[in-house]
């Protein structure tokens, strides 16, 4: 596989030499493009010796090959590590002021970026906005590791280990890893980590996203405020974990990510049909879509007119099917080894708080996990951040996750991976 390895200007650049060796020893053809700042940490000679190719970051080298266009066109995978705050910002804003950013703009295949920076820089709203922008365009941006940083500080912002980046990169590209590479972390034989393809490798994950729309007439509909951002973030996180991802997309304000199977739906009934069909070959189902509880009993074939000589229309509603509960019933009847995750958008009132209503919903739905968030004006719907509590049918302690919707998605996928490991007996 032809890989472009971009190297950002951070102290973690020294680790990327190990990542390059993993790629080349697995038989891949790697062209390294360091930024000018990166060459102040690791010299060009190192990258040339390890890759076997000339190394440059100038758009004026090899002009006769139209290098700034060719590299992006030919690359089957682009990996950027470390992706510094500056590099993330330049990529998100479409800058093309060196060979690496030109190549990113020309990319036709999957792109993975592994950030590394100080904790405050990673958490800064500008960086988080840039990460959200890149992820919304289908670029996989890994979560940085938590640990010792430059100096005495510690926290999120550490570059993931080269073996983890290697595994995520090959899973994203759909390429097999070398099973006995000495630099891969040890794990149980036959596990996804042992194959180097991520914790959800070999699994099919179906995710619903967005909000359903129930037509009143050819013009109007009953809908909700869901943007689809959380569902898309979940799809990106599941894809990065090595899963085959199917996205059941109702109305969304953001595009579906690349590298997933897209099934578009509009109404709750269409979503039910798609979900039941998808369940037949799904190992994990995540119902993150905001599904209308009711639909109009009658749909007018023509636009409902507002006339002074006519009474105001009365709209009768009927219940939509409980898709989540039905999926659980179908699974249990078929004795499938399948993990089902629901989402609950709740508000509290005089009779109970959000978690009380959510716990009751978990008992009714009988899904394995329920991701709960409190909704309201300027909360959750359409926002770039989220604050959730993950409840488990097993009765284990509730788990809280907050931050960007990508942060929450990563936490949910990690929890799903942990639940799956409990379901599968050791070899």
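For the chain, the longest principal axis of the C-alpha atoms and the axis of helix 229-240 are separated by about 40°. Using a 7 Å offset from Cα along Cα-Cβ at residue 60, what residues in the stretch 90-114 end up with backbone N under 15 Å from the label point? Only 97-99 fall inside the zone, counting backbone N under 15 Å.
FRET efficiency for the residue 262 to residue 105 pair, using the beta carbon distance and R₀ = 30 Å, is estimated at 0.80. Between residue 24 and residue 414, full extension at 0.36 nm per residue minus the direct alpha carbon distance yields a gain of 137.5 nm.
Report, to the nearest 10°, how far helix 162-173 tilts away from the longest principal axis of the Cα atoms in the chain, using its own Cα long axis and a range of 0 to 90°. Value to nearest ten degrees: 60. Figure legend: label point modelled 7 angstrom from the Cα of residue 121 along Cα→Cβ; residues of the stretch 1-18 with amide N under 16 Å from it are 7-16.
Using a Förster distance of 51 angstrom, determine the FRET efficiency expected from the C-beta separation of residue 49 and residue 253, and round it to 0.05.
Efficiency for this residue pair is about 0.60.
Here the spin labels are modelled as points 7 Å beyond Cα on the Cα-Cβ line, and at residue 14 and residue 309 they lie 8.7 nm apart. Judged by the mean number of other Cβ atoms found within 10 Å, the most tightly packed of the peptides 315-322, 288-295, 89-96, 266-273 leads the ranking 288-295, 266-273, 89-96, 315-322. The long axis of helix 323-334 is offset from the longest Cα principal axis of the chain by roughly 80 degrees. Report the calculated FRET efficiency for residue 329 and residue 355 (r = Cβ-Cβ distance, R0 = 30 Å), to the nearest 0.05. Efficiency computed from Cβ-Cβ geometry: 0.75. Normalised by the number of residues in the chain, the average gap of Cα pairs under 8 Å and 6 or more apart makes the relative contact order 11 percent. Calculated from the alpha-carbon coordinates, the stretch 85-175 shows an Rg and a Dmax of 13.5, 40 Å respectively. Of interest is the spacing of the C-alpha centroids, which for the stretch 10-62 and the stretch 224-254 amounts to 33 Å. Once a ≥ b ≥ c are taken as the square roots of the eigenvalues of the Cα gyration tensor of the stretch 2-186, is the result rounded (a/c under 1.5), prolate (a/b larger than b/c) or oblate (a/b not larger than b/c)? Rounded, since a/c falls under 1.5.
Under 1.5 on a/c is rounded, so check that first for the chain, then, if it is not, pick prolate when a/b is larger than b/c and oblate when it is not; a ≥ b ≥ c are the square roots of the alpha carbon gyration tensor eigenvalues.
Numbers: a/c = 2.12, a/b = 1.70, b/c = 1.25.
Judged from the Cα gyration tensor, the chain comes out prolate (a/c at least 1.5, a/b above b/c).
Taking all Cα-Cα distances within the stretch 204-423, those exceeding 31 Å account for 20%. For the pair residue 220 and residue 74 in one chain, pulling the backbone fully straight at 0.36 nm per residue adds 47.9 nm over the alpha carbon distance.
None of the figures in this text is laboratory data; all of them are computed from the coordinates on show. None of the values given here were measured: they were computed from a predicted structure. We place every Cβ from the backbone using ideal geometry, glycine too, and count neighbours over all the protein chains shown.
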